[in-house]
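**Q** The structure's right below; bear with me while I get my questions together.
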Amino acid sequence: MPFTEDHHHFRRVVREFVEKEINPNVEGWEAEGMMPLHDVFTTMGDLGFLGLEYDPEYGGQGADHLFTVVLSEEFGR
């Protein structure tokens, strides 16, 4: 199954989030020995990154498994 334009758009959104919200803070979080998980996961939820494959009826996005692949790839860069 090839990536669609929706997958590519999602990749850009995730990449921008990681580059702006995660990468600039990693060294500081590691130095402090903590990461503000509540804030990070709240933002991820607001952006629709959580519950990707769950049915919208249950609060998910109803997305296919390739969206999860894209999310994992971008967080692993």
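**Q** Does segment 56-76 include one or more residues that are part of a loop (DSSP other than H, G, I, E, B), out of contact with any Leu (no Cβ under 7 Å at 6 or more places or on another chain) and of a type in the set (D, E, K, R)?
**A** Yes, segment 56-76 contains at least one residue that is part of a loop (DSSP other than H, G, I, E, B), out of contact with any Leu (no Cβ under 7 Å at 6 or more places or on another chain) and of a type in the set (D, E, K, R).
**Q** Among the residues of segment 41-55, write down those that are over 16 Å from Gly76 (Cα atoms) and part of a helix (DSSP H, G or I).
**A** Residues satisfying the conditions are Phe41, Thr42, Thr43, Gly45, Asp46.
**Q** May I pose another question? Phe10: assigned to a helix (DSSP H, G or I) and within 15 Å of the chain's Cα centre (by Cα), yes or no?
**A** Yes; evaluated as a whole, the condition is true for this residue.
**Q** Of (1) at positive phi; (2) exposed (fewer than 14 other Cβ atoms within 10 Å of the Cβ), Gly51 satisfies all except one. Which?
**A** Single failed check for Gly51: (2).
**Q** Right, another one. Looking at segment 14-28, which of its residues are among the hydrophobic types (A, V, I, L, M, F, W, C) and surrounded by 14 or more Cβ atoms within 10 Å (Cβ to Cβ)?
**A** Val14, Phe17, Val18, Ile22
**Q** Could you pull out the residue among Phe3, Phe75, Phe10, Phe41 that is surrounded by 15 or more Cβ atoms within 10 Å (Cβ to Cβ) and modelled with pLDDT of 95 or more?
**A** Residue meeting the stated conditions: Phe10.
The values are calculated or read from the model by the stated rules, or taken from the named source; none is laboratory data. Since the model is a prediction, treat every value here as computed from it, not as a measurement. Methodologically, a virtual Cβ is constructed for each residue, glycine included, from the backbone with ideal geometry; neighbour enumeration extends over all protein chains shown.
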